[in-house]
Amino acid sequence: MAVIAKHCPDIKVTVVDINPEQIKKWNSDKLPIFEPGLDDVVKAVRGKNLFFTTDIDAAIKESAMIFVSVNTPTKTTGVGAGRAANLRMWELAARHIAKVANGPKIVIEKSTLPVRTAHSMRRVLNANDRKIEFEILSNPEFLAEGTAMGDLTKPDRILIGGMNTDAGKKAIAQLVWVYKHWVPEERILTTNLWSSELSKLVANAFLAQRISSINSISALCEITGAYVQEVSRAIGFDHRIGPYFLNASVGFGGSCFQKDILNLVYLCESFGLDTVAAYWNQVVIMNDWQKKRFSMKIIEKLFNTISGKKIALYGFAFKKNTGDTRETPALFVAGHLLEERAKIAIYDPKVDPEQVKHDFEEYKLMPAGCKFEDYVTIYNDPYAAAKESHAVAVITEWDEFKTYDYSKIYASMSKPAFVFDGRNILDHAALKQIGFDVFAIGKPFGSKISMDDLS
Ligand code: UGA
């Protein structure tokens, strides 16, 4: 919305939320999320044509278009629990719009939703007894966290789905007009509603599939002596494959990939497409396996006993340049190490310590009888986090991790000192030179077939 406001000075954008705390933060100097470049844009347009308020009803009344961006988490109970999207928030929002609206509106699905949600929402909206006509559009968001401002300013594409009726086409044209303020027309794709809704799920499924594919190969590399980064590079030169999203890692995280694939799997299952469902489900299974493989490797290399040993996790966010921790692989790794009663030291340049604590509670990571304070310490200094630890495990690919003085870190650690590089970002040869035992995803671990040993 901030980017729309920036590029469309002729449009008034009002962001509403039922949570007053959240709105207060959006109106303050410290925005509630960290996203490079966002502060500047918000501060440039806030109070001019971008407003944050809790007065939802007034905003509904005065707006011609309403983007609904409420969360659609995976259902935890009932039919489809663990896979289907929970559409409660969406339906509540639609009902509220129908109740409050004083004239026709274009209601836009911005949240990622299962295919044919628009159908149900259209019915909910148009069931109002005042004969107000609502037109529904699907306009999924493809930005990635950490690069959001660039993704929004120069999007690969804008996707708008709508009904194939005169009113539907008119609504599509109105939204195209908004984006045309800064996006070249050839990048604005218009489709039917269901194609648009499905494309969002499929885009994320394909992206996640690439990561699971390369992660599966990383396991093979570790055994055979191939380097996964060299394999990624070699295959990425084929223009049909392309170089992006081929970084083997400790596993993908974030609020979207797993949720959206499970959603797709559920959708396929509900239409009886069991083989298709199983195919996509394997992407998630592979990701879980990769996370587990990483934490198992830590346990195994630390002589199969980590009880009471301090292990430093470098990074807690699910990727660099964000403070977001949703579904971060760090949670899985920390949880597994805690089961073995390791002492976890966490350093992340952007994640709020309160968030870490909250995540441990929400995911119930503390084993019975263990107190968070006794087992987990959050540091604001990476050197202090590593001090007296047996291992440093890189979970997030923050650039600053490459710049540290690893000789100093080595000197302060228990010996033998290990580095587990879950992102392949450090200089492994230099670390070995210092004295570290190094395990990196997709590289053989100090075995006879290591190319480092041969060179
Ligand atoms: C993802 C998609 O990339 C966006 O296009 C989409 O709009 C968004 O989900 C969404 O549906 O909201 P995001 O989750 O913000 O964006 O971040 P990604 O850059 O896709 O990274 C996801 C995870 O995959 C991270 O944990 C990242 O570290 C991991 N990853 C990514 C890898 O392990 N290897 C790679 O090569 C790339």
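Values quoted throughout were computed directly from the atomic coordinates according to the rules given, and no laboratory measurement underlies them. Just so it is clear, the model here is predicted, and its values are computed rather than measured. Heads up, the Cβs are rebuilt from the backbone with ideal geometry, glycines too, and the neighbour counts pull from every protein chain shown.
Note down the nm distance, to one decimal, between modelled labels 7 Å out along Cα→Cβ at Ala173 and at Asp274.
Calculated label separation equals 4.9 nm.
Among Leu137, Leu198, which comes first, second and so on when ranked by fewest other beta-carbon atoms within 10 Å?
Fewest-to-most ranking of Leu137, Leu198: Leu198, Leu137.
Mind pulling the per residue volume of the convex hull built on the Cα atoms of segment 302-454? Å³ is fine. Intermediate results must be reported in sequence, preceding the final value.
Details: hull volume 16.0 nm³, N = 153.
Hull volume normalised by residue count: 105 Å³.
Rounded to the nearest 5, what % of DSSP beta bridges with both residues in the chain are antiparallel?
Here the antiparallel bridges make up roughly 5 percent for the chain.
I'd like the orientation of helix 329-339 relative to the chain: the angle between its Cα long axis and the longest Cα principal axis, in ° from 0 to 90, rounded to 10.
Orientation of helix 329-339: about 50 degrees from the principal axis.
What is the extension gain from Leu92 to Ala234, computed as 0.36 nm multiplied by their sequence separation minus the C-alpha to C-alpha distance, in nm to one decimal?
Values: separation 142, 0.36 × 142 = 51.12 nm, distance 4.95 nm.
Stretched out fully, the Leu92 to Ala234 stretch lengthens by 46.2 nm.
Return, for the Cα atoms of the chain, the radius of gyration and Dmax in Å, separated by a comma.
When restricted to the Cα atoms of the chain, Rg and Dmax are 24.1, 78 Å.
If the chain between Arg341 and Ser412 were fully stretched, how many nm would it gain, using 0.36 nm times the residue separation less the Cα-Cα distance?
23.4 nm
Hey, how many Å between the Cα centroid of segment 270-326 and the Cα centroid of segment 2-37?
Measuring centre to centre over Cα atoms gives 33 Å.
Relative contact order (percent) for the chain, with alpha-carbon contacts under 8 angstrom and 6 or more residues of separation?
This gives 12 percent for the chain.
Take the Cα atoms of segment 133-271, find their three principal axes, and give me the spread along each one in whole Å, biggest first.
62, 38, 26
To the nearest 0.05, how large is the calculated FRET efficiency for Asp29 and Ile285 if R₀ is 35 Å and r is the Cβ-Cβ distance? Show your work: numbers first, answer last.
Details: r = 44 Å, r/R0 = 1.26.
FRET efficiency, Asp29 to Ile285: 0.20.
Once you list every other residue whose beta carbon is under 10 Å from the beta carbon of Ala5, what net charge do they have if Lys and Arg are +1 and Asp and Glu are -1?
Summing Lys/Arg as +1 and Asp/Glu as -1 gives +4.
Against the 2.2 N^0.38 Å scaling, with N counting residues, where does segment 2-191 land? I'd like the Cα-based Rg ratio to two decimal places. Mind dumping the intermediate values first?
Numbers: Rg = 16.7 Å, N = 190, 2.2 N^0.38 = 16.2 Å.
Against the compact-globule rule of thumb, the ratio is 1.04.
Give me the one-decimal Kirkwood hydrodynamic radius in Å for segment 74-185, with the sum taken over alpha-carbon pairs. Kindly include the intermediate steps, with their values, before the conclusion.
Values: mean 1/r = 0.0639 Å⁻¹.
That comes to 15.7 Å for segment 74-185.
Order by neighbour count: Trp26, Trp177, fewest other Cβ atoms within 10 Å first, most last.
Ranking Trp26, Trp177 by Cβ neighbours within 10 Å, fewest first, gives Trp177, Trp26.
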